[in-house]
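Trainee: Next up is a structure, given as structure tokens.
The values are calculated or read from the model by the stated rules, or taken from the named source; none is laboratory data. In this text the structure is predicted, and so the values were computed from the model without any measurement. Virtual Cβ from ideal backbone geometry, glycine too; neighbours counted across all protein chains shown. Only protein heavy atoms, including side chains, enter the accessible area calculation; ligands, DNA and RNA are left aside. Shrake-Rupley method; radii C 1.70, N 1.55, O 1.52, S 1.80 Å.
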Amino acid sequence: MIKLVSDTINKDDINSLIEWLSQTEIPRLTKGDLTWELESKWAKKIGTKYSVYVNSGSSAILLALAALLESNKIKNKKIIVPSLSWATDVSSPILLGMEPIMCDCNLTDLSCDLNHLEELFKTHSPSSMILVSPLGLIPEMDKVLSLCEKYEVILFEDVCESMGSKFQGKYLGSFGFASFFSMYFGHHLSTIEGGFINTNDEDFYHLLLMMRSHGWDRDLPKKKQEELRKKYKVSEFDSLYNFYVPGFNLRSTDLQAFIGLRSIDKLDDYSKVRNLNFKSYNEFITINELDITEKEGDFVSNFALPIVSKNKKEIINNLISNGIEVRPLIAGDMSKKPMWYERFGHVYLPNCEKINEFGFYVPNHQDLTIEQIKFISNIINNE
């Protein structure tokens with residue numbers, strides 16, 4: 001069996017975790033100092049001022065959008081969501097009472113089709129958008145940023161599948177107002193479960209800290225705590241359980257942060273392997289209808305190799321019969337899921353229609369060998 005993913009937590013990580021847990025004085029397991037250390041290390045790695053660690057990448061989306069609504073930064077509740085994305089890119093805005101508007105994908109980097117995006121900006125004047133960079137492929141960030149600036153749209157980057165990818169030498173996740181990352185098993189890095197929100201906006205960062213933990217001020221800098229307590233006339237004693245904004249409990253643990261601190265050091269090496277695998281696939285596969293080459297100055301930390309072919313069913317059957325895991329291209333067209341069309345009706349998105357009908361993806365991870373890539377490629381090419 002050639003699996004889609006390979007665990008990024010190894011025996012050395014587990015042994016180090018056991019040693020840490022076996023200290024004479026039992027370490028703190030819930031969110032504590034290691035979480036702060038992890039957040040600082042991740043922000044520095046990606047190139048943002050702040051990072052907030054939560055219990056999943058999906059929670060990162062939910063928390064960031066909830067904080068956006070609470071911040072009063074937006075002119076309306078309209079938000080552009082990509083048709084080729086993950087469920088929580090679409091369900092989070094729905095559950096928060098926002099007005100999601102579906103954007104088609106393109107057939108090069110699989111992110112938002114820029115012509116359709118601008119049309120939606122003109123027609124609906126949304127306050128914000130989620131830009132997904134699928135499977136490590138790289139959107140035309142300069143054009144996206146230009147459109148967002150022109151139409152005054154707040155940009156959120158979903159980088160859950162593109163950790164380590166760079167646009168013109170700069171990490172994805174460092175361009176938007178905020179960005180989301182996933183540390184789920186099978187992604188580029190893992191803390192078992194977990195996710196990050198990155199941002200450069202200090203006020204938004206403070207709001208995220210409060211809303212991650214019930215709405216209280218315990219995680220805020222001392223100066224910010226004092227400002228809030230003075231404004232609302234809250235004593236130090238009562239401040240322990242005073243709630244300034246509506247909040248969740250989306251915290252993760254120091255146990256997972258311990259794993260995360262080791263994981264970050266692996267990103268560059270794993271990304272290099274994924275990039276080489278991506279280039280090898282593109283060299284060997286001759287029937288892919290997608291044009292997914294790496295542009296000069298970019299770096300693709302590929303999550304999995306997307307394929308579009310009219311022979312999809314035959315290829316998938318051959319892959320499975322040869323012990324190769326294969327799955328739909330992310331989740332196909334999100335507008336074709338009941339959670340969308342039962343609320344908003346059907347929408348025709350031609351590029352995503354093609355992905356939905358003819359798309360799938362095959363394995364890429366740090367343990368994949370060149371022989372396995374050739375084997376998979378030959379089956380796809382029907383050789």
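Trainee: Can you tell me what the convex hull of the Cα atoms of segment 1-92 projects to on average, as an area in nm²?
Mentor: 10.0
Trainee: Here's a follow-up. Can you compute the label reach from Lys279? Point 7 Å from Cα along the Cβ direction, backbone N cut-off under 13 Å, restricted to segment 135-158.
Mentor: The answer is none, because no backbone nitrogen lies closer than 13 Å to the label point.
Trainee: Given N residues in segment 119-191, what is Rg(Cα) / (2.2 N^0.38 Å)?
Mentor: Compactness ratio reported: 1.16.
Trainee: Of the heavy-atom accessible surface of segment 129-263 (probe 1.4 angstrom), what whole percent is carbon and sulfur?
Mentor: That fraction is 52 percent.
Trainee: Please list, in order along segment 245-251, the HN-Hα scalar couplings obtained from phi with the Karplus expression 6.51 cos²θ - 1.76 cosθ + 1.60 (θ = phi - 60°), rounded to whole Hz, x for Gly and Pro.
Mentor: Per-residue couplings from phi come out as 9, x, x, 10, 10, 10, 5 Hz.
Trainee: I need the per residue convex hull volume for segment 264-306, using only the alpha carbons, in cubic angstrom as a whole number.
Mentor: About 70 Å³ per residue, rounded to a whole number.
Trainee: How far is helix 141-150 tilted, in degrees, relative to the longest principal axis of the Cα atoms in the chain, given as a value from 0 to 90 rounded to the nearest 10?
Mentor: Roughly 50 degrees, rounded to the nearest 10.
Trainee: Then there is this: With a 10 Å radius around each residue's Cβ, average the other Cβ atoms per peptide and rank 139-151, 201-213, 340-352, highest first.
Mentor: Output ranking for 139-151, 201-213, 340-352: 201-213, 139-151, 340-352.
Trainee: Leaving ligands and nucleic acids out of the surface, order Asp12, Asp268 by accessible area at 1.4 Å, largest first.
Mentor: The residues order as Asp12, Asp268, largest area first.
Trainee: Still on this model: So what is the accessible area of segment 66-153 per residue, in Å², with the probe set to 1.4 Å?
Mentor: Accessible area per residue, segment 66-153: 36 Å².
Trainee: Of the listed peptides 18-30, 61-73, 80-92, 360-372, what is their order by residue-averaged count of other C-beta atoms within 10 Å, with the highest listed first?
Mentor: 80-92, 61-73, 360-372, 18-30
Trainee: Hey, could you pull the Cα Rg and Dmax for segment 258-368, both in Å?
Mentor: 16.7, 46
Trainee: Right, something else. Given 10 Å bins starting at zero, what is the percent of C-alpha pairs of segment 114-154 in each, up to the one with the largest pair distance?
Mentor: For segment 114-154, the pair-distance distribution reads 28, 58, 15.
Trainee: Given only helices, namely DSSP H runs of n ≥ 4 each adding -39500 (n - 2.57), what is the per-residue ellipticity at 222 nm of the chain, to the nearest 500 deg cm²/dmol?
Mentor: The helix contribution divided over the chain gives -12500 deg cm²/dmol.
Trainee: How long are the semi-axes of the equivalent ellipsoid of segment 159-254, taking √(5λ) for every eigenvalue λ of the Cα gyration tensor, in whole Å from largest down?
Mentor: 32, 16, 9
Trainee: Now a separate question. Which whole-number percent is the relative contact order of the chain (Cα, under 8 Å, 6+ apart)?
Mentor: Normalised by residue count, the contact order of the chain is 23 percent.
Trainee: Something else now. Apply 1/(1 + (r/R0)^6) to the Cβ-Cβ distance of Glu357 and Asn242, taking R0 = 51 Å, and write down the FRET efficiency to the nearest 0.05.
Mentor: 0.40
Trainee: Which whole-Hz ³J(HN,Hα) couplings does segment 287-302 yield from phi under the Karplus relation 6.51 cos²θ - 1.76 cosθ + 1.60, θ = phi - 60°, glycine and proline marked x?
Mentor: Here the 3J(HN,Hα) series is 10, 6, 7, 8, 9, 10, 7, 7, 6, 4, x, 9, 9, 9, 8, 5 Hz.
Trainee: Using protein chains only and a probe of 1.4 angstrom, how many square angstrom of Tyr171 are accessible, to the nearest 10?
Mentor: My reading of the accessible area for Tyr171 is about 30 Å².
Trainee: OK, next. How far is helix 57-71 tilted, in degrees, relative to the longest principal axis of the Cα atoms in the chain, given as a value from 0 to 90 rounded to the nearest 10?
Mentor: Between helix and principal axis, roughly 50 degrees.
Trainee: Could you list which residues have their amide H under 5 Å from that of Leu131, counting only those 5 or more apart in sequence or on another chain, with H placed in the peptide plane?
Mentor: Result for Leu131 returns Phe156, Glu157, Asp158.
Trainee: With the cut-off at 28 Å, tell me which of the pairs Lys75/Lys295; Lys170/Lys279; Lys73/Lys143; Lys170/Lys313; Lys45/Lys354; Lys44/Lys233 have Cα atoms farther apart than that.
Mentor: Lys75/Lys295; Lys170/Lys313; Lys45/Lys354; Lys44/Lys233
Trainee: Another question about this same structure. Once amide H atoms are built 1.01 Å from N in the peptide plane, which residues 5 or more positions from Ile101, or in another chain, come under 5 Å H to H?
Mentor: Ile79, Ile80, Val81
Trainee: With axes computed from alpha carbons, what is the tilt in degrees of helix 312-321 against the longest principal axis of the chain, rounded to the nearest 10 within 0 to 90?
Mentor: The angle comes out near 80 degrees.
Trainee: Please calculate how many Å² of accessible area segment 172-280 carries per residue, with a 1.4 Å probe and no DNA, RNA or ligand atoms counted.
Mentor: Accessible area per residue: 44 Å².
Trainee: Magnitude of the Cβ-charge dipole of segment 204-349, K/R +1 and D/E -1, about the Cα centre, nearest 20 debye?
Mentor: Charge dipole, segment 204-349, about its Cα centre: 580 debye, nearest 20.
Trainee: Mind checking the per residue accessible area of segment 1-50 for me, 1.4 Å probe, whole number of Å²?
Mentor: 66
Trainee: What list of ³J(HN,Hα) couplings, whole Hz, do you get for segment 24-30 from phi and the Karplus terms 6.51, -1.76, 1.60, once you set θ to phi - 60° and write x for glycine and proline?
Mentor: Going residue by residue, I get 4, 9, 4, x, 5, 9, 6 Hz, with x marking Gly and Pro.
Trainee: Any idea what the dipole of the chain comes to, in debye rounded to 20, about its Cα centre with Lys/Arg Cβ at +1 and Asp/Glu Cβ at -1?
Mentor: Value, rounded to 20: 780 debye.
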